[in-house]
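Okay, so here's the structure we're looking at.
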Ligand code: NAD
Ligand code: TDX
């Protein structure tokens, strides 16, 4: 892999992936990061990495749905491998307005597959980053394995399921060398503060209400973002082509437990709230998300056995690092929240 196209590299997981590739992995090639810079994409997340990487890093402000622009990227940069993160990623937004999810997640993936297929002589790998949400919801027991039938419940997960099927079909029908990973909920630095963990951390720091959907007993299986990315990199290098790998941290938590842990960490690491108010008193139960999946839990035995992958962080260590990061990166956070960085994008890359 000499010229690796990373899509969505200015988002939460993609920016952490590029950071990991350059700063911690044995990757020797060049990264071409194509990102549309939606509300969720922020090139500032990579400014320091880009400077250190020099000519080994190229940024292209582009839309994966634009087949003409993407063909130019494939050919100008001699792309020989793809790691596809770009997506609309927030379930609540997909419930309110599914359009962009259908367009980017399904059509955008199709555009990339088609361009890769037309250049099969030089494409070594198309890695597709997906989610455990494609499997639907679990009851009290059981785990998602790679054999679990797809049963997506939200417009987001349905669009990701469709993209997974397309990737699989391009392998089966045309022999495109692909791998797919389905990962559980991620958390860590540079996550847009609409998702549960960064939202709760920031509200807890500032003494604002902490919204918990429904009864707070929905279960998610949390993984620190760097651990997701070490797994993706292992799969890209040594995973069997045409295969799917589940990624997860064996770390199931009820939402209310996660929120409680964040309250305690913020109490320990941040200044106290005025009037002696405790963060746990800010927890507010709110109306449930429509169609809210009850429980996700990943069985990642295939990844562990075949590739020897293990997460480096426990939830306690990863969450502490994440709270600490939010306390130390007030500028990134205020710019992302104020929309200031959108103006920065316009100044640097045009509208
Ligand atoms: P994110 O929303 O933080 O980032 C998405 C990035 O894609 C942004 O930089 C955005 O600008 C870019 N993008 C969106 N539409 C685009 C388009 N049409 N063309 C080019 N770029 C576009 O998302 P994330 O949380 O980093 O998720 C990355 C991937 O990982 C997604 O495919 C998601 O489904 C998957 N995933 C996420 C999680 C999680 O917990 N966040 C878990 C499992 C899988
Ligand atoms: O304010 C909130 N209160 C709350 O109780 C928010 C934003 C969420 N929740 C609940 C809903 C979920 O049960 O917390 C849980 C996590 O919610 P999100 O952070 O929105 O994540 P989720 O819906 O589980 O999806 C995430 O994990 C899988 C990512 O957003 C997806 O991109 C990924 O595929």
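Quick notes on this one:
- Degrees between helix 225-238 axis and first principal axis of the chain (Cα, 0 to 90, nearest 10): 20 degrees
- Residues 344, 325, 222, sorted so that the one with the fewest Cβ neighbours within 10 Å comes first: 344, 325, 222
- Mean Cβ count within 10 Å, highest first, over the residues of peptides 292-299, 266-273, 151-158: 151-158, 292-299, 266-273
- In summary, the chain shows an alpha-carbon radius of gyration equal to 0.97 times the 2.2 N^0.38 Å reference for compact globular proteins.
- When the P(r) of the range 31-172 is calculated, the portion above 22 Å amounts to 45% of the C-alpha pairs.
- Each residue in 213, 190 was given a count of other beta-carbon atoms within 10 angstrom of its own, and listing them fewest first yields 213, 190.
- Taking every alpha-carbon pair under 8 Å whose residues sit at least 6 apart, the range 146-220 reaches a relative contact order of 15 percent.
- An ellipsoid equivalent to the range 166-231, defined through the eigenvalues of its Cα gyration tensor, has semi-axes of 35, 14, 10 Å when rounded to whole angstrom and sorted largest first.
- Per the Cα gyration tensor, the range 113-263 maps to an equivalent ellipsoid with semi-axes of 33, 17, 14 Å, ordered largest to smallest.
- Each eigenvalue of the Cα gyration tensor of the range 92-170, multiplied by 5 and square-rooted, gives one semi-axis; in descending order these are 26, 18, 7 Å.
- Highest to lowest packing among 56-65, 7-16, 124-133, 37-46, scored as the average C-beta count within 10 Å: 7-16, 124-133, 37-46, 56-65
- Rounded to 10°, Cα long-axis angle of helix 67-76 versus longest principal axis of the chain: 70 degrees
- Within the chain, percent of DSSP bridges classed antiparallel, to nearest 5: 10 percent
- Relative contact order of the chain: 18 percent, from C-alpha pairs under 8 Å at least 6 residues apart in sequence.
- Degrees separating the helix 340-349 axis from the principal Cα axis of the chain, which is the longest one: 20 degrees
- Over the chain: helical MRE at 222 nm, DSSP H runs n ≥ 4 each giving -39500 (n - 2.57), nearest 500: -12500 deg cm²/dmol
Quick note: the coordinates plus some simple rules give every number you see, no bench work behind them. Please read all numbers here as calculations on a predicted model, not as lab measurements. Note that each Cβ is placed from the backbone with ideal geometry, even for glycine, and that neighbours are counted across all protein chains shown.
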